[in-house]
Amino acid sequence: MAKIDKSQLRSKLWFANPDDFDMTALYIERYMNWGITREELQSGKPIIGIAQTGSDLSPCNRHHIILAERVREGIREAGGIAFEFPVHPIQETGKRPTANLDRNLAYLGLVETLFGYPIDGVVLTIGCDKTTPACLMAAATANIPAIALSVGPMLNGWYKGQRTGSGTIKWHAKKELSAGNLSYEEYTDIVASSAPSPGYCNTMGTATTMNSLTEALGMSLPGSAAIPAVHKERANMAYWTGKRIVDMVWDDVKPSDIMTREAFENAIVTNSAIGGSTNAPIHLKAIANHLGVQLDNQDWEDLGYDIPLMLNLQPAGEYLGEDYHHAGGVPAIVNQLMEKGKLPHPNAMTVNGKTIGENCEGAEVMDDKVIWPYDKPMVQSAGFLNLKGNLFSTAIMKTSVISDEFRERYLSNPDDPNAFEGRAVVFDGREDYHARINDESLGIDEYTLLFIRGAGPIGYPGGAEVVNMQPPDALLKRGINSLPCIGDGRQSGTSGSPSILNASPEAAVGGGLAILQTGDQVRIDLNKREANILISDAEFAERQKAVDAQLAKGRLDYVPDHQTPWQEIQRGMVDQFEEGMVLKPAVKYRD
Ligand code: FES
Ligand code: MG
């Protein structure tokens, strides 16, 4: 790798510009407010930013405030100067209307900070769902040396001797509450038990997924993803991360050197093996777009579909974050994949200067109840299918969470295996779903297909996590726990529903879902990877014309008004889920 010397440090543009000496002195006076000496700033030491995502508004990442102290010690030990600064908060469970609305806002803010201040390298403090892609996207655009530090998962949740996992327990307990099997007090006790400590969600939701994929991409130190937040190894990891970024500055290792097409291919394969979230294709596409790396939903199917699920974590399995760590974390998974020749690029470079293959070689599985062997996995072919048809040009489905009950009901016709047809019931956004799901006049039975639209990046600013729709109470009471759900929104990674989601283009921009009506017959064919409304071409064209006419006048009537300036700004320039929901004008900015 290229080496740079003191005179080539980016911060020199601020601190040692000979034509601008008076201003330089002023800058230094300002930065000296916090115990940094003039000697330090003029010493030619690299300035390392610590992009702080933790705050009282972002409790999943709040432990980073403590970890940052160890990051600083590592930076200082290696001869750098640490400047910690805030990143716009993104709390998955707190932000209305959705945390995903703020991913691009945090991205913009972080790009501006990295570009506009004297920062030679940066430690990205990742954890809660959208904090990870926001940070990696910004690092991709700024393309200055960057390393990610995960906050680590929460400790396992427990209730009456059973593991209770973030999010997942809520879906289960909610069904029990709706079916009348739990009191409200019991419900809240059970759900609260799933979050016993600082850290990100302990299930295989979007947080565990994105922290694991950051490691698989090579952007964090080996083993970084799974160490629980409060373990002492986590603090050690913080220290080593701080130390390492200083060397990365001198070696001039940039995000574009690490996050190559090869690295993304490794991440896709890893995602299948861990049973990662359906939000991952959106976020990885966004990061790739900001790097100019080609990637699409078909790559997810081509590279990832055949890879088995090896990690036994909720919602697909039984265990939680602590168990993942004790079983060996990402290195143990990657090593298993390598031994079977299934990791596409063991030679991909990582932030520690070694390849992912070198980092993970020999990493043992320490608990085979948690990490199953590649040849005897939990589920075969655990990746995503890429579906198309007249309803959308691309949507994904995570087939590994299809339950036996679901398979039996929909996918067991010997004349037509892996395909089913049903009557559609259509909801226009989440409020409509909540208002009408128990309406008996909809005639929802166990063969109904539930649709939701108006839930994409524009229809519901940022895209709603609503596609996993719970069946009506009457069906739950009969033991029907899930119906096929299809929509242009997202789904929480902690939910185990076998939905077809992230449909692009969304209804709000005139995609096929916009013409669907309750009562239409729809056919899903998983063999052919197709989803189609069964109506005549003439009928289709006529309905499309009506939708186009409405769009020509403005928004579709179920698409809500903007509530904030950012909602309006983002809606005016955001791309579809298949493009990673990036801000279209932003992708041309590199370095
Ligand atoms: Fe923040 Fe799950 S809510 S990680
Ligand atoms: Mg989530």
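Got a sec? How would Trp158, Trp372, Trp566, Trp300 order by Cβ neighbour count within 10 Å, fewest to most?
Sorted ascending by nearby Cβ count, the order is Trp158, Trp566, Trp372, Trp300.
Under 25 Å Cα to Cα from Lys477, which lysines show up? Leave out anything in the same chain fewer than 8 places away.
List returned: Lys160, Lys170, Lys174, Lys175.
To the nearest 10 degrees, how steeply does helix 537-553 sit against the main Cα axis of the chain, on a 0 to 90 scale?
50 degrees
Please report the relative contact order for segment 273-323, taking Cα pairs under 8 Å with a sequence separation of at least 6, and give it as a percent rounded to a whole number.
Averaging sequence separation for qualifying contacts and normalising by length gives 44 percent for segment 273-323.
What's the FRET efficiency of Gln162 with Glu405 using the Cβ-Cβ distance as r and R₀ = 22 Å, to the nearest 0.05?
0.55
Run the quick spin-label model on Arg96 and Asp416: label points 7 Å from Cα toward the beta carbon, then report their separation in nm to one decimal.
So the two model labels end up 4.4 nm from each other.
Roughly how many debye, to the nearest 20, is the charge dipole of segment 1-156 about its Cα centre, given +1 on each Lys and Arg Cβ, -1 on each Asp and Glu Cβ, and no other charges?
340 debye
Going by a 4.7 Å Cβ-Cβ cut-off, which cysteines of the chain have no partner at all?
Cys135, Cys201, Cys360, Cys485
If you rank Ser43, Ser212, Ser220 by fewest surrounding Cβ atoms within 10 Å, what's the result?
By the 10 Å Cβ count, ascending, the order reads Ser43, Ser220, Ser212.
Defining a contact as two alpha carbons under 8 Å apart and six or more residues distant in sequence, what relative contact order in percent does segment 35-149 show?
Over segment 35-149, the number comes to 30 percent.
Between beta-carbons, use under 11 Å as the cut-off and find the net charge around Asp251, counting Lys and Arg +1, Asp and Glu -1.
0
Of all DSSP beta bridges in the chain, what percent run antiparallel (nearest 5)?
45 percent
Give me the angle, in degrees from 0 to 90, between the Cα long axis of helix 232-251 and the longest principal axis of the Cα atoms of the chain, rounded to the nearest 10.
60 degrees
Asp375 to Lys174: extension gain in nm, 0.36 nm per residue of separation minus the Cα-Cα distance?
Between Asp375 and Lys174, full extension yields an extra 68.8 nm.
Which of the residue pairs Lys376/Lys398; Lys254/Lys388; Lys254/Lys285 have a Cα-Cα distance greater than 26 Å in the structure shown?
Flagged as over cut-off: Lys254/Lys388.
Treating the beta-carbon of each Lys and Arg as +1 and of each Asp and Glu as -1, no other charges, what is the dipole magnitude of the chain about its Cα centre, to the nearest 20 debye?
I would put it at about 760 debye.
Quick check on the exposure proxy: order Glu530, Glu465 from fewest to most C-beta atoms within 10 angstrom.
Ascending number of Cβ neighbours within 10 Å: Glu530, Glu465.
In debye, nearest 20: dipole of segment 344-488 around its Cα centre with unit charges on the Cβ of K, R (+) and D, E (-)?
Dipole size: approximately 220 debye.
Compute the length gained on full extension between Asp296 and Phe115: take 0.36 nm times their separation in residues and subtract their Cα-Cα distance, giving the result in nm to one decimal.
My answer for the length gained is 62.3 nm.
Set Lys and Arg Cβ to +1 and Asp and Glu Cβ to -1, take the dipole of the chain about its Cα centre, and tell me which of Ser499, Ser400, Ile4 lies farthest positive.
Most positive-ward Cα: Ile4.
Can you give the relative contact order of segment 172-278 as a percent, counting alpha carbon pairs under 8 Å and 6+ residues apart?
Relative contact order here is 30 percent.
Enter the angle in degrees (range 0 to 90, nearest 10) between the Cα long axis of helix 329-339 and the first principal axis of the Cα atoms of the chain, meaning the one along which they spread out most.
On a 0 to 90 degree scale, this one is about 80.
Which stretch or stretches of segment 419-437 have amide N atoms under 14 Å from the point lying 7 Å from Gln521's Cα along the Cα→Cβ direction?
420-424
Determine which residues of segment 221-263 fall in the zone a paramagnetic label at Glu73 would reach in this model, i.e. backbone nitrogen under 16 Å from the point 7 Å along Cα→Cβ.
Correct set: 230-244.
First select every other residue whose beta carbon is under 10 angstrom from the beta carbon of Glu579; then total the charges, Lys and Arg +1, Asp and Glu -1.
-1
Taking 7 Å along the Cα-to-C-beta vector as the label spot, tell me the Asp5-Arg590 distance in nanometres, rounded to one decimal.
3.0 nm
None of the figures in this text is laboratory data; all of them are computed from the coordinates on show. Quick caveat, the model's predicted, so the values are computed rather than measured. Don't worry about glycine lacking a Cβ; one is built from the backbone with ideal geometry, like all the others, and counts go over all protein chains shown.
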